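**Student:** Below is a structure I'd like to ask you about.
The values are calculated or read from the model by the stated rules, or taken from the named source; none is laboratory data. A quick note: this is a predicted structure, and the numbers were derived from the prediction, not measured. So basically every Cβ, Gly included, is an ideal-geometry build from the backbone, and we count neighbours across all protein chains shown. We work out accessible area using only protein heavy atoms, side chains counted, and drop any ligands, DNA or RNA first. Shrake-Rupley method; radii C 1.70, N 1.55, O 1.52, S 1.80 Å.
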Amino acid sequence: MNTPLLTAEIRTEPDVVFVRQRARQIAALLGFDTYEQTRISTAVSEIARNAFLYAGGGRAQFCIEDSAPGEGSVPAQLVIRVNDSGPGIPNLAAILAGGYHSRTGMGLGLLGARKLMDTFRVDSVPGKGTTVELGKALPAHAPKVTPQFFSGLSAELAKLGSASPMEEIRQQNSELLRVLDELRSRQAELDRMSREVAEANGRMIEVNFQLEDKAVALERTAVAERDARSAAEAAVATREALLAIVSHDLRNPLGAIVTSASLLLEPSKRPGDEAERTRKLAQIIQRSANWMNRLIEDLLDLAQIRAGMLSVDMKPQDIEGLVRDGIQMLRPIVAAKDLQELNGTVSAGLHALCDRGRVLQILSNLVGNAVKFTPKGGLITIDARTNRNEAWFSVRDTGQGISEEELPHVFDRFWQSEKSSQAGIGLGLSIVKGLVEAHGGRLWVESKLGAGTTFYFTLALAERGPAEG
């Protein structure tokens, strides 16, 4: 017997967040403990995200299924079906067998959801869409599903409403902390069960401490964001855009951390592979944490720039040494894209009055932006020369160029070119603009479609003297 509870459309990114929230709320109302609520909401979120990303949207249906009178005793369970009308899932058999590997992480959501739920079924027809069914047996103390209970559940869901993206991030932080507590409590048991993976377990403990520190940092950031919103009532439109974009970019790595941490709690079906399995999951957690840390640093810089509180330590710097250090720092990033070796030219004997670390940050952001839009085999150069009482820096690439329509927007916050398929929230060039202006310099861009792009910025010249670190 099937008792429908809720149907939700998935058309936008906030819809994915809403479906996750409803999954957790329904699980709580059905008597699942907080650990099971996290598993259910994480699994549903991963499948809803897949429908949004790969099929352009879909629909999530929540219901209770149990046996009808006379059909025997079948335990009642919460069932969630997510269906879409997309192109279907290629390589589905290989993904479910664990033999498909993708650089983008395709397939991790399906495998993670299957691990987190009691029952899992996926039907995918090329060109006609995909249906994923997730099931979790109701706890023994769950209330009996009657018309009265259904009416009360609907009323409770209506009262709970939909949380904001930032509140959802804070909720996920809390879930992550609970998972970390569970990991610590089970560590002793894991040591007794797998003596042969003692070294891997030691690495996992270290990762746990790193995750705990990151969770605290994220919680502090969430509090700072909340306080900043209270003081920025005059910028409602900009604030809402910030929350929507940040929730998107933090949710993906945070979801990967929650899923990987949950999978670490599951005993391996092949004990001999435990060390390799733990290492791969730890790498996923570390990459996700590093991305979140970079995003948080960019947001903090942006907040300081907007508040006019960005500090720069102005000292005479040797421009030749500054550019040389920047090139050495950024060469691995350029090489990873199979571009020509990063080089540059600098007029000898130039000194600029600037903050060395901030100028290296400017060069890093500009080169990182150039790498995104320069094809394999292309060239990026960093040059510096004098023009009257200024030092002129340029970062030039042989990429696809920027159209005249897009040029006026390249330094806008959260703006990204329609041609960009790269991850990010569009803060890099906006931060560059704030850093250059904090030095009293100027920043501009010249570009032509098909002929590459050159970003220029200026710094004040300084009297010749020893470079300061």
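**Student:** Please work out if residue 280 is farther than 20 Å from residue 455 by Cα and under 27 Å from the mean Cα position of the chain (by Cα). Show your work before the answer.
**Tutor:** Working: farther than 20 Å from residue 455 by Cα: yes; under 27 Å from the mean Cα position of the chain (by Cα): yes.
Yes.
**Student:** Under 9 Å between Cβ atoms, at least 6 apart or on separate chains: pull out the pairs that start in region 299-311 with a residue that is within 13 Å of residue 225 (Cβ to Cβ) and end on any residue that is small (Gly, Ala, Ser) and open to solvent by 30 Å² or more (accessible area, probe 1.4 Å).
**Tutor:** Taking only residues 6 or more apart or on different chains, the pairs are 300/224; 303/224; 303/228.
Here is a yes/no grid of residues against (1) over 20 Å from residue 158 (Cβ atoms); (2) modelled with pLDDT under 90; (3) open to solvent by less than 30 Å² (accessible area, probe 1.4 Å); (4) of a type in the set (Gly, Ala, Ser):
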| residue | (1), (2), (3), (4) |
| --- | --- |
| 1 | yes, yes, no, no |
| 21 | no, no, yes, no |
| 36 | yes, no, no, no |
| 69 | yes, yes, no, no |
| 84 | yes, no, yes, no |
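**Student:** Another question about this same structure. Report yes if residue 149 is among the aromatic types (Phe, Trp, Tyr), assigned to a helix (DSSP H, G or I) and at pLDDT 70 or above, otherwise no. Please lay out each step first, then the result.
**Tutor:** On the way: among the aromatic types (Phe, Trp, Tyr): yes; assigned to a helix (DSSP H, G or I): yes; at pLDDT 70 or above: yes.
Considered against the rule, which asks whether it is among the aromatic types (Phe, Trp, Tyr), assigned to a helix (DSSP H, G or I) and at pLDDT 70 or above, residue 149 comes out as yes.
**Student:** Same structure again: Inside region 98-132, can you point out the residues that are of a type in the set (Gly, Ala, Ser), in a loop (DSSP other than H, G, I, E, B) and more than 26 Å from the chain's Cα centre (by Cα)? Explain how you work it out, then say what you get.
**Tutor:** Pass one, region 98-132, residues of a type in the set (Gly, Ala, Ser): 98-99, 102, 105, 107, 109, 112-113, 124, 127, 129.
Checking which are in a loop (DSSP other than H, G, I, E, B) leaves us with 98-99, 102, 105, 107, 127.
127, the sole residue that qualifies.
**Student:** Any chance you could count how many residues in region 107-136 are closer than 15 Å to residue 53 by Cβ and free of Cβ contacts under 8 Å to residues at least 24 places away in the same chain?
**Tutor:** Final tally of qualifying residues: 1.
**Student:** May I pose another question? Taking the options 436, 445, 395, name whichever one is open to solvent by 20 Å² or more (accessible area, probe 1.4 Å), at pLDDT 85 or above and touching a helix residue (DSSP H, G or I) at 6+ places or on another chain (Cβ under 8 Å).
**Tutor:** On the way: 436 fails: open to solvent by 20 Å² or more (accessible area, probe 1.4 Å); 395 fails: open to solvent by 20 Å² or more (accessible area, probe 1.4 Å).
Result of the check over 436, 445, 395: 445.
**Student:** State all residues of region 124-153 that are surrounded by 12 or more Cβ atoms within 10 Å (Cβ to Cβ) and polar (S, T, N, Q); if no residue qualifies, say none.
**Tutor:** 124, 130, 131, listed by residue number.
**Student:** On to the next question. Taking region 398-411 on its own, how many of its residues are buried (at least 17 other Cβ atoms within 10 Å of the Cβ) and either outside any loop (DSSP other than H, G, I, E, B) or touching a Gly at 6+ places or on another chain (Cβ under 6 Å) (or both)?
**Tutor:** Kept after step one, since they are buried (at least 17 other Cβ atoms within 10 Å of the Cβ), are these residues of region 398-411: 398-402, 410-411.
Imposing the further condition that a residue be either outside any loop (DSSP other than H, G, I, E, B) or touching a Gly at 6+ places or on another chain (Cβ under 6 Å) (or both) reduces the set to 398-399, 401.
Final tally of qualifying residues: 3.
**Student:** Answer with yes or no whether residue 157 is modelled with pLDDT under 90, touching a strand residue (DSSP E or B) at 6+ places or on another chain (Cβ under 6 Å), aliphatic (A, V, I, L, M) and open to solvent by less than 50 Å² (accessible area, probe 1.4 Å).
**Tutor:** no
**Student:** I would also like to ask the following. Of the conditions (1) within 30 Å of the chain's Cα centre (by Cα); (2) at pLDDT 75 or above, residue 274 clears all except one; give me its number.
**Tutor:** Here residue 274 clears every test but (2).
**Student:** Test each condition in (1) under 27 Å from residue 125 (Cα atoms); (2) at pLDDT below 90 for residue 76 and report the one that comes out false.
**Tutor:** The one condition residue 76 does not meet is (1).
**Student:** Let me ask something else. In region 25-49, which residues are under 17 Å from residue 263 (Cβ atoms) and not charged (D, E, K, R)?
**Tutor:** Those that are under 17 Å from residue 263 (Cβ atoms) and not charged (D, E, K, R): 35, 38, 40, 41, 42, 43, 44, 45, 47.
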